[in-house]
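Notes to accompany the following structure.
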Amino acid sequence: MALSPRLELRQGQSLVITPQLQQAIKLLQLSNLELEAYVEGELERNPLLARDEPVAEAPEASDGEAVGSATEYDTDHVPDSAAQAEMDGGGDDASPGERHSGEAAPGEQAGGQIDWSRAGRGGAFEGDEGLEGALAREKTLHEHLHDQLAVTGLEGRERAIATILIDAVDEGGYLRADLGEMAERLGCDLAVIETTLARLHGFEPVGVLARDVRECLALQLKDRNRYDPAMAALLDNLELVARRDMSALKKVCGVDDEDLREMIAELKALTPRPGAAFGSEPVQGVTPDVHVREGLGGLWHVELNTDTLPRVLVDQRYHARVAGGARSDQEKTFVSDCLASANWLVKSLDQRAKTILKVSSEIVRQQDGFLAFGVEHLRPLNLKTVADAIGMHESTVSRVTSNKYISTPRGVFELKFFFTSSIASADGGEAHSAEAVRHKIKGLIEAETSESTVHSDDRLVEILKETGVDSARRTVAKYREAMRIPSSVERRRMLRGAA
């Protein structure tokens with residue numbers, strides 16, 4: 001058969017991920033903090049985007065507020081956000097966010113005034129912290145240690161070594177540096193570094209700059225004048241303390257039952273992380289994306305947290321100004337691309353808000369038993385169930401529930417918290433949620449009051465089966481270990497030692 005070149009026409013279907021669609025998918029999985037940072041970047045990059053700041057005299061509801069209540073939003077006619085974004089395109093069609101701002105163009109300063117609040121002149125605090133922030137901020141551990149170093153009188157080489165040692169302390173107060181490597185790097189004797197470290201061990205909080213837990217506890221016991229040979233032996237065998245092996249501890253420490261109980265009580269009164277009491281890097285608290293509140297008749301109202309929704313709009317007035325002044329093809333193309341990108345971002349943000357509300361509403365509908373009666377009534381739930389109920393793809397639901405939090409009367413939870421595996425019912429009824437089963441196991445173990453009431457894993461399986469939960473022993477053991485609950489043997493030792 002002869003080989004020869006030829007032309008063929010074939011027709012087929014394929015999915016093309018456009019940059020706009022990639023942006024819409026990316027926005028879905030961003031947390032509210034990541035979304036705020038992303039929008040800030042777009043505001044700096046795109047001159048046609050402006051922040052929507054309602055006038056105080058006549059506040060106007062933003063797009064996020066318009067979909068803030070489930071009762072104001074038709075959840076039956078919102079398509080998958082990715083598909084909707086692909087159908088919308090990035091054209092110039094009017095969107096709810098396209099309003100005239102009536103303000104100066106982005107990047108312009110009204111009246112040529114300079115904001116001196118950030119100028120840092122005249123001895124003012126520079127940066128965003130300000131005087132109030134500097135006074136209100138909690139002092140960090142490193143600052144506390146350096147303040148003590150300033151009054152020790154150490155000078156020259158010892159002071160330099162002390163500074164390096166303090167800088168090697170982690171947030172828990174432990175020294176994370178090898179002294180031998182430090183001596184080699186600094187070109188000094190190891191004894192000098194050890195002598196300087198011994199001086200620093202007298203700093204507050206007691207136990208700071210220890211190299212391990214044993215040294216940390218020993219420093220605190222020495223400060224209390226309670227470090228004796230028996231206590232030293234106890235610190236040398238902390239693994240026996242963790243296993244609650246009282247008979248072995250009595251033998252290695254050379255004490256009786258009463259003395260051992262007192263020694264362990266003293267050990268529990270110590271602080272294994274002395275640096276934890278001090279401030280560190282600012283920790284961002286969890287801000288819920290959705291609020292759930294109970295209404296009349298047992299209904300649950302689902303609302304978006306509008307404080308987490310960026311308010312941006314397309315500045316059509318500024319667009320008209322720059323578009324009219326564009327002369328070259330390159331300038332016209334730039335303005336056109338900026339307008340399309342701005343329109344797409346506004347639409348994507350609106351669609352993201354609607355999608356989060358729709359998914360959250362379905363989760364609340366599925367888990368209304370948990371909201372009303374507690375964790376034991378948490379139903380088994382997976383992504384497919386929610387996706388099928390609202391007509392979306394599982395991947396879209398997965399992106400929506402990532403890094404999103406919901407505030408309920410029972411606390412703030414990540415949306416993924418409500419997706420739990422199922423455990424079959426012993427009587428053939430409705431399956432049980434794995435989280436609910438874990439809660440039952442924890443409750444049964446917490447109710448143990450004496451050695452005779454301690455339940456083995458096999459006994460826990462029998463009790464669960466009596467309550468309608470068909471669970472295997474290995475499943476119970478896995479849940480117990482995941483909650484860091486000791487075995488029945490260790491729990492008996494604990495109760496025996498506390499008696």
Selection from the stretch 205-234 of residues that are in contact (Cβ under 8 Å) with a residue 24 or more places away in the chain, under 35 Å from the mean Cα position of the chain (by Cα) and surrounded by fewer than 17 Cβ atoms within 10 Å (Cβ to Cβ)
Arg211, Asp212, Val213, Arg214
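Considering only the stretch 311-326, how many residues are free of Cβ contacts under 8 Å to residues at least 60 places away in the same chain and either crowded, with 18+ Cβ neighbours inside 10 Å or outside any helix (DSSP H, G or I) (or both)?
Initial filter on the stretch 311-326 (free of Cβ contacts under 8 Å to residues at least 60 places away in the same chain): 320, 323-326.
When the remaining residues are screened for being either crowded, with 18+ Cβ neighbours inside 10 Å or outside any helix (DSSP H, G or I) (or both), the result is 326.
The total comes to 1.
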Among the residues of the stretch 460-472, write down those that are under 19 Å from Arg491 (Cβ atoms) and surrounded by 14 or more Cβ atoms within 10 Å (Cβ to Cβ).
Leu460, Val461, Ile463, Leu464
Of (1) touching an Asp or Glu at 6+ places or on another chain (Cβ under 6 Å); (2) closer than 30 Å to Gln366 by Cβ, Val454 satisfies all except one. Which?
(2)
Counting only residues that are farther than 27 Å from Ala183 by Cα and in a loop (DSSP other than H, G, I, E, B), which one in the stretch 129-163 is modelled with the highest pLDDT?
Lys139
Within the stretch 391-402, is there a residue that is surrounded by 16 or more Cβ atoms within 10 Å (Cβ to Cβ), basic (Lys, Arg), touching a residue at least 60 places away in the same chain (Cβ under 8 Å) and touching a helix residue (DSSP H, G or I) at 6+ places or on another chain (Cβ under 9 Å)?
yes
Against the conditions (1) outside any loop (DSSP other than H, G, I, E, B); (2) at pLDDT 90 or above; (3) within 30 Å of Leu349 (Cβ to Cβ), where does Lys250 fall short? Just the number, please.
(3)
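With the requirement that a residue be within 10 Å of Gly173 (Cβ to Cβ) and part of a loop (DSSP other than H, G, I, E, B), what does the stretch 207-227 give you?
Across the stretch 207-227, the qualifying residues are Gly207, Val208, Leu209.
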Those residues of the stretch 457-467 that are within 35 Å of the chain's Cα centre (by Cα) and not β-branched (Val, Ile, Thr) come to a total of 3
Which one of Trp300, Trp344 is touching a helix residue (DSSP H, G or I) at 6+ places or on another chain (Cβ under 6 Å), closer than 30 Å to Leu371 by Cα and of a type in the set (Phe, Trp, Tyr)?
Trp300
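Taking into account only those residues within the stretch 377-389 that are under 20 Å from Leu299 (Cα atoms) and surrounded by fewer than 19 Cβ atoms within 10 Å (Cβ to Cβ), which is farthest from the chain's Cα centre (by Cα)?
Here the residue is Ala389.
For the stretch 354-366, which residues satisfy the criterion of being surrounded by 23 or more Cβ atoms within 10 Å (Cβ to Cβ) and out of contact with any Leu (no Cβ under 6 Å at 6 or more places or on another chain)? Break it down into steps so the answer makes sense when it comes.
Step one: filter the stretch 354-366 for residues surrounded by 23 or more Cβ atoms within 10 Å (Cβ to Cβ), giving 355-360, 363.
Across the stretch 354-366, the qualifying residues are Thr355, Ile356, Lys358, Val359, Ser360, Ile363.
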So, in the stretch 407-422, of the ones that are part of a strand (DSSP E or B) and not small (Gly, Ala, Ser), which residue ends up nearest to the chain's Cα centre (by Cα)?
Glu414
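Identify, please: which residue in the stretch 434-459 is among the acidic types (Asp, Glu) and loosely packed, with under 14 Cβ neighbours inside 10 Å and is, among those, nearest to Val375 (Cα to Cα)?
Step by step, filter the stretch 434-459, then rank; the result is Glu446.
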Examine the stretch 231-246 for a residue that is part of a helix (DSSP H, G or I), at pLDDT below 90 and over 22 Å from Arg273 (Cα atoms), and state whether such a residue exists.
yes
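The values are calculated or read from the model by the stated rules, or taken from the named source; none is laboratory data. Computed from a prediction, not measured in an experiment: that's the story for all the values here. Heads up, the Cβs are rebuilt from the backbone with ideal geometry, glycines too, and the neighbour counts pull from every protein chain shown.
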